[in-house]
Amino acid sequence: MSEQIFAISGMHCNSCVMGVTEALTALEPVREVSVDLDPKGASTVRVLTDSMLSVEEVHDTLVRAGGDFAVAAG
């Protein structure tokens, strides 16, 4: 298992945190998600996963879940 860190902009509240956590946790290789919310900048999202996720895969997952977030490798 490895930890990946992503910087996600556009998260403004605990509802965003719950939505991102739920969407990423639903991915097959993901075991755990934790979010350090920064409503004025990029939030830090840590993902414990069995296989590596790409920035594009995380972004696409969040878009499908209805989020409008910018994702970058942290």
Taking a probe of 1.4 Å and leaving out DNA, RNA and ligands, the chain shows per residue an accessible area in Å² of 58 Å²
May I ask you to give the percent of accessible area on the chain that is carbon plus sulfur, with a probe radius of 1.4 Å?
-> 51 percent
Between residue 51 and residue 25, what length comes free when the chain is fully extended (0.36 nm per residue of separation minus the Cα-Cα distance, one decimal in nm)?
-> 8.0 nm
Compute the normalised compactness of region 2-73: alpha-carbon radius of gyration over 2.2 N^0.38 Å, N being the residue count.
-> 0.95
For the Cα atoms of the chain, what angle does the longest principal axis make with the long axis of helix 14-25, in degrees from 0 to 90, nearest 10?
-> 20 degrees
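Relative contact order for region 2-73 using alpha-carbon pairs under 8 Å, separation at least 6, rounded to a whole percent?
Worked out over region 2-73, it gives 43 percent.
The values are calculated or read from the model by the stated rules, or taken from the named source; none is laboratory data. Just so it is clear, the model here is predicted, and its values are computed rather than measured. Keep in mind that these areas ignore ligands, DNA and RNA; they rest on the heavy atoms of the full protein, side chains included. Shrake-Rupley method; radii C 1.70, N 1.55, O 1.52, S 1.80 Å.
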